[in-house]
Structures are given as structure tokens and as C-alpha cells.
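To start, the structure itself, in C-alpha cells.
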Amino acid sequence: MDATIKTVFLNMISDQCEVPAEDLTPATALEELGFDSLVIVELTMKLRKEFGIVPDDDDLTFAETVGDLLDAVSKAAVSKAEAQQ
Amino acid sequence: MGRGAVLAGLGVHLPPGVVTNDMLAEALDTSDEWIRTRTGIRQRHIADPGVGTGDLAVEAGRRALASAGLSTVDAVLLATTTPDQSCPATAPQVADRLGLRGCPAYDVSAACSGFLYLLTTGAALISSGLFETVLLIGADTFSTTLDPTDRTTRALIGDGAGAVVLRAGREGEDGALLGFDLGSDGSQVDLLVVPPRGHFQMRGKQVFTNAVIRMTESVERVLSGLGWSVESVNHLVPHQANARILAAVADQLGLDPARTITNIGDVGNTVAASIPLALAHGVREERLRPGDRVVLTGFGAGLTWGAIALTWPGISITA
């Protein structure tokens, strides 16, 4: 589940910034991708629709790299899984 | 069908002064392209110094009464976050200026959700049998709360007023208000706030997330309560917060984005006036037709949110 969500999210980022997913590494700085400030929030809303998870606002606000974003998504997926147990 | 509240008139008023994105860019570090891509806004109307919320409210109220073919109502309620003074409420002066001295008049404060709180209150007053007609006005001069050097909030906000008349009727009639959902979360007050003696400030990303989720869930609760499918909704009329928030709400709901009525490009975010201004836009564009299923939704400071479902009545608005 967790790996699937991360892959979907990485593909969303890839589509949005028109950079192949294999060229995105955890160290890739979000600044390099040319996003405006709302794009990440819009992508996380799509995650909510697809998987019912919403990453923490603070985690998103302080994310500087693709890895930070994937960690935030992963954390949200774990929280949701724990809440369901 | 039981007694219900029916939408019987609609009127709006915008102050004549227009501030375009290019005009903002002359004074601030911004551009037409920056503002349009992030908000969908091209221009906003700003009240001249000395023109208050009450002045805008009176004009919208007068037009809503004319639209309803009424010269008097049983009560006047005003939704605003920028009253003409902190005490007393602005509604009694608005009522007096409309020739309605003597009728009950009071303000309702719920920021950008104000019009939904107002409609719910007005509908309840009618459904209870207490009143036969109410004039409900949403008006704000929220530009007065802004930091003149803040490019984000100055790009978003415009001034304006919009009003409706509700009358007693039957739930099966066109124009009947059928479903209501309201909520609040005061623990998140810091997301959108005008601190004492300060300027309006907002946390953009958190506001975006909360606005999308709260409006989506509120609409879903109203639809579920009525047994309406998303596909059966002809028009979603959201508070005009930001064009990208509105697109995200439609996406979350699985609603065809063409069914969202939006006029944010021309007026910006007008706080409590935004939903009636969008409704008037929908009437002028001949999109809102009698019998159409319409869902209103909003989100704002508080936090507050809400959604209301109705069928559209056969009403006309004056210019």
C-alpha cells in the first residue's frame, strides 16, 4: 500500500513538472522543478481522492525535496493504516 | 410538502472603482500573470474611502426587494465581517435606509461562510412560522483590513454586496431551500485572522487544504441527506475563494467542472458577498434556470464552512 502510494505520487510529480519519474531522486530539490506554491497542495488533494490520505500541513510546508514529500505521504499512509486497525 | 423557505428575489451591488492586476503590479512586487495563474483573478472592485459596508448593503438590499416585488419584509439580516462600526450592528441602519425602520435587524458574522450561515438562519426563521419574509444581505469591505504592502491578500480580496429575499412557501416549489450543513473549528483560528489592530493574514497552503476538504465534505453531507447524486446537481456555486480551490473541490466531488459557476476573475474574493454575486452572474449568463438543482458551499475564517441545496426559482434581477 505504502509503496503504491509513493509511486503514484512520484508519477503525479513527474507529470506535473514534465520530468521522467526515473530522473527524480529523493534529493531532488522542489525548487528545481519549477512548481508554484500551490501545486504540491493540489497533488496531495488528488492523493486524498484516490487513497483517502492527507499529509500533515506542517510536513508539506517544510518539505524542500522530493524525498521530504514522499516521507510526508508515507507518514500519512502509516497514520491512516494505524487508525484503521 | 411542508412549509419551507423559498428564494424570491436577488440583487447585487459592486462599488464602481476597479483595481486591475496591472494596477496592483505598479505598486507591489507582482504581475498580472502571477496573480492570474495562482488565483484566477483579473480584477476586483474596491470601495472608495468613506463608502462603507452599509452603503453597499443598502444598494444590494434595494435591488433584492425589487427583484422580489416587495417593499417591506419582516426582518433584515446582514452577514458581514467588516461592519461600519464595532457597535452597534450595521443591519438596523441598513433596514432604516431601506424604509424598513421598526423591523428586527441584526448582523451575522461568519466571514466567507457568512452568506451560508445567513441563509440557514433566515430559512429557519421562516420555516418556524415566525416570519413570512426576510431580507438577507451579505456585504463586506474587507479591503479595509488588508496590509497595503501584502501582494497576496491584496490580489485576492474585493469589496461588494449581494442580497436575497426569502418568503414562506412549500418545500416542493422551485426556489425552495432543501438541505443545510454548517460547521466550525475554532482550534484553527490562526489560519485566517485579523488580529486586534492588525491586518488580515492567512496561511495559504493550509487554507487551501482545509477549504477543499471542508467544502467537499459539506456538499457530500447535504447531497447524502437529500438523496441527490453528484451527477444530478446542475450547478455548484461555491464561495469564490480562489479559482484553483474551486477546481479542486469539483475534482474531489467528481463533478464536471463546467457545472461550477464562477465569477472570481471579475470580482475576486468578496467574503460574505461572494455567493450572491456568483448567483447573479449565473442568472445573467442564463445558466441558472427554474427547477435546476443548485448547491452552494463556502469556507472561511473561524474556521467556518457550510453547504446549502436548493432548486432554482423563476426570478429576474435588475441591472
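Taken together, the values in this text are just the output of simple stated rules run on the coordinates, not laboratory data. Worth saying up front: this structure is predicted, and the values here are computed from it rather than measured. We place every Cβ from the backbone using ideal geometry, glycine too, and count neighbours over all the protein chains shown.
Counting neighbouring Cβ atoms within 10 Å and putting the fewest first, the residues A:Val78, B:Val164, B:Val271, B:Val58 line up as A:Val78, B:Val58, B:Val164, B:Val271. Contact order, relative form, for region B:178-301: 30 percent (alpha carbon pairs under 8 Å, 6 or more residues apart, mean separation divided by residue count).
In this structure the amide hydrogen of B:Gly302, modeled in the peptide plane, comes within under 5 Å of the amide hydrogens of B:Leu192, none closer than 5 places in sequence on its chain.
Applying the Karplus relation 6.51 cos²θ - 1.76 cosθ + 1.60 with θ = phi - 60° to region A:51-58 yields 3J(HN,Hα) values of 10, x, 10, 10, x, 4, 4, 5 Hz, where x marks Gly and Pro. For chain B, the residue among B:Val18, B:Leu192, B:Val108 whose Cα projects farthest onto the positive side of the dipole built from Cβ charges is B:Val108. Remark on A:Thr65: its backbone amide H falls under 5 Å from those of A:Leu30, a criterion applied only to residues 5 or more positions apart or on other chains, H modelled at 1.01 Å from N.
Based on Cβ point charges of +1 for Lys and Arg and -1 for Asp and Glu, what charge dipole magnitude is obtained for chain B about its Cα centre, in debye rounded to the nearest 20? The calculation lands at about 220 debye.
In a reduced charge model with +1 at each Lys and Arg Cβ and -1 at each Asp and Glu Cβ, the protein assembly as shown shows a dipole moment near 1560 debye about its Cα centre. A Gaussian network model of chain B, with springs between Cα atoms under 10 Å, assigns the largest mean-square fluctuation among B:Gly302, B:Gly265, B:Gly69 to B:Gly69.
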